[in-house]
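Following: one structure in structure tokens, then a few remarks.
Values in this text are rule-based calculations from the coordinates and carry no lab data. This one's a predicted model, so the numbers in the text were calculated from it and none came from an experiment. Note: ideal-geometry Cβ built from the backbone for every residue, glycine included; neighbour counts use all protein chains shown.
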Amino acid sequence: MLNESDLISIRREFHQIPELALHEFETHRLLEKKIKKMPQQFLTIREIGELPTALLVKIGGSHPKRNIGYRADIDALPVSEQTDTDFRSKHEGVMHACGHDLHMTVALGLLDYFANHQPIDNLIFFFQPAEESDNGGKFAYELGIFNGEWNVDEFYGLHDNPDLPSGAIGCRNGTLFAGTTEVNITLTGKSGHAAYPQNSNDMVVAAAYLITQLQTIVSRNVDPIEGGVLTLGKITAGTIRNVIAGTARIEGTIRGLTQKMILHIQKRVREVCIGISLSFDCDVNVELNQGGYLPVENDPTLTTNFISYMQNANNVQFIKTEPAMTGEDFGYLLSKIPGTMFWLGVDSLAPLHSDLFDPNESAIWTGIQAITGFLNERMTQNV
Ligand SMILES: CC(=O)N[C@@H](CCC[C@H](N)C(=O)O)C(=O)O
């Protein structure tokens, strides 16, 4: 069986080979390599042709009453790692800045445990591509991969949390994560010579005003008690200092804990863009709902059961958490299959998505102990 040192080494292997959504080929191969080293008596590996970097693994139970699913996302982010660790990313411009390397390692630890200790129920592990973008979970579900003998009766999954103590389990009933909408805005004016601004329509200036006005939506049009987020994470405009940019592109994301709030922010984004179009006499094209994620809604019954176990387990530090404005495409799977998403504390000084993100690896072993304990308890229950 894998011990804590083995698992930390595995995490570091994954950390060095981060890959973007739907391009997790090296990661897929490493997952397969690790899984094939485990006892194969109860274990079945399934490839998915239309989603080649995904992996499904079933552990056959001794007296199965249900199929319990566990999901780990496997993709990374376009971030240039700035940590000075000796196992930093070998893929320039790509980093596991959201801790999905740690998610995979916890899942492998669980899989290894149950490959060595046959569970009562069937367990189905889903190593999922494309959480950060491209809706990997929804794509997989719509392929029908959970049909037939691979159906999942209840689904569990975690996300690492840099603000919780290492190894702590955080959770709440109801909404855990926000819903999201990706925002793409293209401004089209008229390019020209830097020395003759009167003959052009400068989209750098229009974009600057647009961003400033968009950032009044949350501060002036949203109930601060309910909250909402509009982040404009990427802007591209211009090619060189002495050419006036005829186009600009802004990419961002909307977050809200209710669909009503998300639609309200979407409406204001469109209205502000119309205003800029008029005031700068330019075309402003707005694309919304690209890759939007549903809020993560925890199933009341299963989550009450999960929280009850974690609150009473001797080896678990449980923390009841507030809703978060992070998105997670696990929200789609939980809209189809009841289950629970929860946090695993990793005590990182740098936040998620930071180029200095550095989770405490002790969380891996602690998390695996807590989750195996919960799953073993769950499989003895007749509800
Ligand atoms: C846990 C986490 O960081 N999730 C991502 C999900 C991204 C959703 C989508 N691509 C968007 O940007 O809205 C997050 O940024 O919260």
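Per-structure values
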{"item": "Out-of-range pairs (alpha-carbon distance over 30 Å; input LYS190/LYS267; LYS90/LYS234; LYS267/LYS320; LYS58/LYS138; LYS58/LYS260)", "result": "LYS267/LYS320; LYS58/LYS260"}
{"item": "Percent of alpha-carbon pairs separated by more than 15 Å within the range 217-263", "result": "57"}
{"item": "The range 1-63: GluC sites (Glu not before Pro) in DSSP loop, at most 14 other beta carbons within 10 Å", "result": "GLU47, GLU50"}
{"item": "Centroid-to-centroid separation of the range 126-179 and the range 186-245 [C-alpha atoms, Å]", "result": "35"}
{"item": "log10 of Debye I(q)/I(0), alpha-carbon scatterers only, for the range 293-383 at 0.13, 0.21, 0.24 Å⁻¹", "result": "-0.53, -1.24, -1.36"}
{"item": "Length added when fully stretched, ASN242-THR216, from 0.36 nm per residue minus Cα-Cα", "result": "6.3 nm"}
{"item": "Rg ratio (alpha-carbon, reference 2.2 N^0.38 Å) - the chain", "result": "1.08"}
{"item": "Residue-wise HN-Hα coupling along the range 132-137, computed from phi with Karplus coefficients 6.51, -1.76, 1.60 (Hz; x: Gly, Pro)", "result": "5, 7, 6, 6, x, x"}
{"item": "P(r), alpha carbons of the range 211-298 - 5 Å bins starting at zero, rounded %", "result": "3, 11, 22, 22, 18, 11, 6, 4, 2, 0, 0"}
{"item": "Helix 4-16 vs. the chain, principal-axis angle (Cα, 0 to 90°, nearest 10)", "result": "30"}
{"item": "Cα radius of gyration and Dmax for the range 144-224 (Å)", "result": "23.6, 69"}
{"item": "Computed [θ] at 222 nm, helices only, for the chain once each DSSP H run of length n ≥ 4 contributes -39500 (n - 2.57)", "result": "-10500 deg cm²/dmol"}
{"item": "Tilt relative to the chain, helix 25-36 - C-alpha long axis, 0 to 90 degrees, to 10", "result": "10"}
{"item": "The range 1-107: trypsin sites (Lys or Arg not before Pro) falling in loop per DSSP and having at most 12 other Cβ within 10 Å", "result": "LYS37, LYS90"}
{"item": "Cα radius of gyration and Dmax for the range 108-153 (Å)", "result": "12.9, 36"}
{"item": "Crossing angle, helix 362-379 versus the chain [Cα axis fit, 0-90 degrees, rounded to tens]", "result": "60"}
{"item": "Mean Cα-pair separation over length for the chain, i.e. relative contact order, pairs under 8 Å, 6 or more apart, %", "result": "23"}
{"item": "All lysines inside 22 Å of LYS65 as judged from Cα atoms, apart from same-chain residues fewer than 8 positions distant", "result": "LYS336"}
